[in-house]
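The values are calculated or read from the model by the stated rules, or taken from the named source; none is laboratory data. These numbers come from a predicted model, not from an experiment. Here Cβ is always computed from backbone atoms with ideal geometry, including for glycine, and neighbour counts include all displayed protein chains.
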Amino acid sequence: MAAVQYVFKVALSALMIVAVSEVAKRSTLWGALIASLPLTSVFAFIWLYLDTGDTAKIGSLSIGIVWLVLPSLLLFIALPFLLRHGVGFWLSLLMSCALTAIAYSGTSWLLARFAPTP
């Protein structure tokens with residue numbers, strides 16, 4: 001049964017990515033709307049609950065997501081900025097991902113240093 005559940009998780013995740021890219025071909029606004037939905041988080045909460053039944057882990061995951069959404073916003077700011085200023089797509093994507101990784105590292109460091117421990 002675990003293999004079937006795993007295949008279902010992978011298929012559902014792939015379906016969401018395909019849906020976003022297909023819808024965005026017709027309307028970037030609707031594609032962005034679908035992509036911005038916290039479906040990955042909701043799916044992760046469901047899978048974690050079904051796998052563990054541990055609501056404390058789900059709560060902790062949710063708070064972690066809140067903190068890590070903040071540095072991820074840098075990707076969505078840097079990418080269009082670089083593209084508008086004539087930087088090629090692949091280089092813009094690489095630079096945006098690198099900036100986001102740096103922001104994640106900084107946020108993780110700050111959280112490890114200053115976040116209250118449960």
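Residues in the stretch 21-40 that are closer than 24 Å to Ala98 by Cα and modelled with pLDDT of 90 or more: Ser21 only. Scanning the stretch 61-77 for residues that are closer than 19 Å to Ala35 by Cα and in contact with a Phe, Trp or Tyr (Cβ under 8 Å, 6 or more places away or on another chain), which turns out surrounded by the most Cβ atoms within 10 Å (Cβ to Cβ)? Among those residues, the one meeting the criterion is Pro71.
Looking at Val7, Val20, which is the one that is β-branched (Val, Ile, Thr), surrounded by 12 or more Cβ atoms within 10 Å (Cβ to Cβ) and more than 26 Å from Ala115 (Cα to Cα)? Can you show your working first?
Details: Val7 fails: surrounded by 12 or more Cβ atoms within 10 Å (Cβ to Cβ).
Val20 is the lone residue from the list that is β-branched (Val, Ile, Thr), surrounded by 12 or more Cβ atoms within 10 Å (Cβ to Cβ) and more than 26 Å from Ala115 (Cα to Cα).
Considering the stretch 78-118, and only residues there that are β-branched (Val, Ile, Thr) and touching a Leu at 6+ places or on another chain (Cβ under 9 Å), the residue that is surrounded by the fewest Cβ atoms within 10 Å (Cβ to Cβ) turns out to be Ile102. Checked against the criterion of being basic (Lys, Arg) and surrounded by 13 or more Cβ atoms within 10 Å (Cβ to Cβ), the stretch 42-60 contains one or more residues that satisfy it.
Cβ-Cβ contacts under 8 Å between residues 6 or more apart (or on different chains), taken from a first residue in the stretch 36-55 that is more than 29 Å from Leu75 (Cβ to Cβ) to a second residue that is at pLDDT below 85 and part of a helix (DSSP H, G or I), are listed as Leu50/Gln5.
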